[in-house]
Amino acid sequence: MEVNTSSPLSLESWTSGMHLLHFANEFPHDDLQNTLRKVYSNSKDSSYPLLAQFLHCATRAVYDEVERLPRSLRDIIPPFESFLDWAGNAELRNGQLCGSIDGVLLVLLQLATFIAYYSPRSRVGSITLTRQ
């Protein structure tokens, strides 16, 4: 395979048109379960097909990761239909895997909120996201 090195990319040409999105490392100040309920509700709305697909794929990925855990850790996690179920499980969120569980919830909530907010047919204000 031949690699073309005749014209290296400059930083400007590589980043032209690139946008950066920064997510805070904290849960929203609103009630977490209420926010996740909105995400779930919107995913059932036909106006948010990408959100529904994301939640399905994300839940499948989380399930696959749980299956790879050692038996002792896997037994800590109760059966779940969606990773959204974890938000209301205080024992799971305060237990041995609390940091991992909250990390998964936070990242997936942020991505789901982003997807819902920027969905082509989304309703403005259905899920709160601050643009800066």
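The values are calculated or read from the model by the stated rules, or taken from the named source; none is laboratory data. Here the structure is a predicted model, which is why all the values come from computation and not from measurement. Backbone-built Cβ (ideal geometry, glycine too); neighbour counts: all protein chains shown. These accessible areas exclude ligands, DNA and RNA; they are computed on the full protein's heavy atoms, side chains included. Shrake-Rupley method; radii C 1.70, N 1.55, O 1.52, S 1.80 Å.
If you roll a 1.4 angstrom probe over the protein chains with everything in place, what fraction of the accessible area of segment 22-79 belongs to carbon and sulfur, to the nearest %? Please list the in-between numbers first.
Details: 2100 of 4020 Å².
The nonpolar share, carbon plus sulfur, comes to 52 percent.
Residue 107 versus residue 65, label points 7 Å from Cα toward the beta carbon: distance in nm?
For the pair residue 107/residue 65, the computed spacing is 0.5 nm.
State whether segment 58-103 is rounded, prolate or oblate according to the following rule on the C-alpha gyration tensor (a ≥ b ≥ c being the square roots of its eigenvalues): a/c under 1.5 gives rounded; otherwise a/b larger than b/c gives prolate, and the remaining case gives oblate.
Values: a/c = 1.60, a/b = 1.08, b/c = 1.48.
Since a/c reaches 1.5 but b/c is at least a/b, the shape of segment 58-103 is classed as oblate.
Relative contact order (percent) for segment 60-113, with alpha-carbon contacts under 8 angstrom and 6 or more residues of separation?
Numbers: 21 pairs, mean separation 12.4, N = 54.
So the answer I get is 23 percent.
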